[in-house]
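What follows is a set of notes on a single structure, which appears directly below.
The values are calculated or read from the model by the stated rules, or taken from the named source; none is laboratory data. What you see is a predicted model, and the numbers here were worked out from it, not measured in a lab. All Cβ positions, glycine included, derive from the backbone under ideal geometry; neighbour counts span all protein chains shown. Calculation scope for accessible area: heavy atoms of the full protein, side chains included, ligands and nucleic acids excluded. Shrake-Rupley method; radii C 1.70, N 1.55, O 1.52, S 1.80 Å.
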Amino acid sequence: MGIRKKTNKNPPVLSHEFVIQNHADIVSCVAMVFLLGLMFEVTSKFAVLFITVQYNVTISTNGPEETAVNHFHHGIKDLATTFFYMLVAIIMHAIIQEYVLDKINRKKHFSKTKHSKFNESGQLSAFYLFSFGWGASILLSEKLLSNPVTLWEGYPHTLMPFQLKFYFICQLGYWLHAMPELYFQKTKKEDISRRLGYIFLYLVHIGGAYLLNLNRLGLVLLVLHYFVELLFHVSRLVYFSNESRQTGFTIWAVLFVLGRLLTLSLSVLTVGFGLATSDNQGFDLAAGNFNVIFVRITVLAAICLTQAFMMWKFINFQLRRWREHAQAQTLKKKPHRVGGASHAADSPRARKEKSS
């Protein structure tokens, strides 16, 4: 769907079809209201809650030259900021759909099934590429990969640099926008439950890492997961353009299994060992400390169950691909045998037998 061109048929105003056809324009107008609110003193304080990142804390660093560094923590006002960037995600979704994916669809003439999967993979590929690149740059700037101990050292990590907090806000905004997009895209009923399933898992895990101050671990796991998912959806896009190109799926299958093992290893290392042996244990809501055994077990259980569920889906996907490949090979052999039989029937010996 997306920013649609004008058609001869004009649906009734505020009807379902009208909202679907013009949803990007409607959302753009709503977002513009917040931006215009910044221009007036009366409304600027209200508009700022939606557009800018809240809960700024200035910290002075000790050194030869004392400098001030801005950090941020989370709070209830983040809901307003997440809502605004959900609107931005809807607009970006419409732009990618209209100016990229729809043009490719018109050239390729995909079937309805392929059309839906192509749109899904196209949108997710763009998002995963952007999120992976942005997340990797934060990991490098914060030096989280060079020193894994920082994943749990100094917990609770209540203060975040601007880029890290804004990253989580945008992640939550994107996955929240995916729910109204099910309506805007006229998603088939049989696909709604599947998409709602992974949207729910993303929101629970990202929101959980953000609220429990496990943002460093959450960032590492998101970057790892997004890289593997990016490879899958790019491979699917290549497969739709040429069904003989399936090398990407093989590479993805190997990296998928390694990704699950690495996710479990990092989670157990951080939550099961790092936080369990930390001196700063106890439940303190005001200080943002959730380092108690119940929370640790719940976090590990959620991660392990999710990884097990993903492996189960992965195994079913591979089995289905192998069955489809076996059926395709069988169908290729049958016409060959039929053709061989008809060729044998037209041979000189067969013609001689018929004449006799």
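Checked against the criterion of being of a type in the set (Gly, Ala, Ser) and part of a helix (DSSP H, G or I), the candidates Ala287, Ala276, Ala326 yield just one match: Ala326.
Of the numbered conditions (1) open to solvent by 40 Å² or more (accessible area, probe 1.4 Å); (2) part of a helix (DSSP H, G or I); (3) at pLDDT below 95, Leu145 satisfies every one except a single condition; which is it? Condition not satisfied by Leu145: (2). For the range 235-248, which residues satisfy the criterion of being in contact (Cβ under 8 Å) with a residue 40 or more places away in the chain, open to solvent by 30 Å² or more (accessible area, probe 1.4 Å) and in contact with a Phe, Trp or Tyr (Cβ under 9 Å, 6 or more places away or on another chain)? Result: Arg236, Leu237.
The test for being in contact with a helix residue (DSSP H, G or I) (Cβ under 9 Å, 6 or more places away or on another chain), surrounded by fewer than 16 Cβ atoms within 10 Å (Cβ to Cβ) and among the small types (Gly, Ala, Ser) does not hold for Ser121. Of the residues in the range 15-22, at least one is part of a loop (DSSP other than H, G, I, E, B) and more than 29 Å from His74 (Cβ to Cβ).
Restricting attention to the range 303-320, report how many residues are under 17 Å from Ile206 (Cβ atoms) and open to solvent by 40 Å² or more (accessible area, probe 1.4 Å).
If we filter the range 303-320 for residues that are under 17 Å from Ile206 (Cβ atoms), which is where we start, we get 303, 305-307, 309-310.
Those left that are additionally open to solvent by 40 Å² or more (accessible area, probe 1.4 Å): 305, 309.
Residues that pass the stated criteria total 2.
Would you mind stating whether Arg195 is open to solvent by 10 Å² or more (accessible area, probe 1.4 Å), more than 30 Å from Phe72 (Cβ to Cβ) and not in a helix (DSSP H, G or I)? So Arg195 does not fit the description; no. Condition check for Phe50 on (1) at pLDDT 95 or above; (2) part of a loop (DSSP other than H, G, I, E, B); (3) surrounded by 14 or more Cβ atoms within 10 Å (Cβ to Cβ); (4) not charged (D, E, K, R): one failure, at (2).
Residue by residue, here is whether (1) under 21 Å from the mean Cα position of the chain (by Cα); (2) under 28 Å from Ser235 (Cα atoms); (3) not acidic (Asp, Glu) holds:
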residue	(1), (2), (3)
Gly75	no, no, yes
Phe84	yes, no, yes
His93	yes, yes, yes
Phe118	yes, yes, yes
Ser121	yes, yes, yes
Glu142	no, no, no
Leu172	yes, yes, yes
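Within this structure, Phe72 fails the test of being among the aromatic types (Phe, Trp, Tyr) and open to solvent by 60 Å² or more (accessible area, probe 1.4 Å).
The criterion of being of a type in the set (A, V, I, L, M), touching a Leu at 6+ places or on another chain (Cβ under 8 Å) and modelled with pLDDT of 90 or more holds for Val271. Across the range 162-189, what is the number of residues that are surrounded by fewer than 18 Cβ atoms within 10 Å (Cβ to Cβ), assigned to a helix (DSSP H, G or I) and touching a residue at least 24 places away in the same chain (Cβ under 8 Å)? Within the range 162-189, residues that are surrounded by fewer than 18 Cβ atoms within 10 Å (Cβ to Cβ), assigned to a helix (DSSP H, G or I) and touching a residue at least 24 places away in the same chain (Cβ under 8 Å) number 4.
Hey, can you tell me all the residues within the range 253-299 that are among the hydroxyl-bearing types (Ser, Thr, Tyr) and touching a Gly at 6+ places or on another chain (Cβ under 7 Å)?
First, pick out the residues of the range 253-299 that are among the hydroxyl-bearing types (Ser, Thr, Tyr): 263, 265, 267, 270, 277-278, 298.
Correct list: empty.
Checking each residue in the range 207-233 for being outside any helix (DSSP H, G or I) and open to solvent by 30 Å² or more (accessible area, probe 1.4 Å) picks out only Leu212.
Of all the residues in the range 1-37, those that are closer than 19 Å to Thr187 by Cα, at pLDDT 90 or above and open to solvent by 70 Å² or more (accessible area, probe 1.4 Å) number 0. Cβ separations smaller than 7 Å between residues 6+ apart or across chains give the following pairs from the range 80-102 residues that are open to solvent by 10 Å² or more (accessible area, probe 1.4 Å) to residues that are of a type in the set (Ser, Thr, Tyr): Ala89/Tyr174; Ile91/Ser28.
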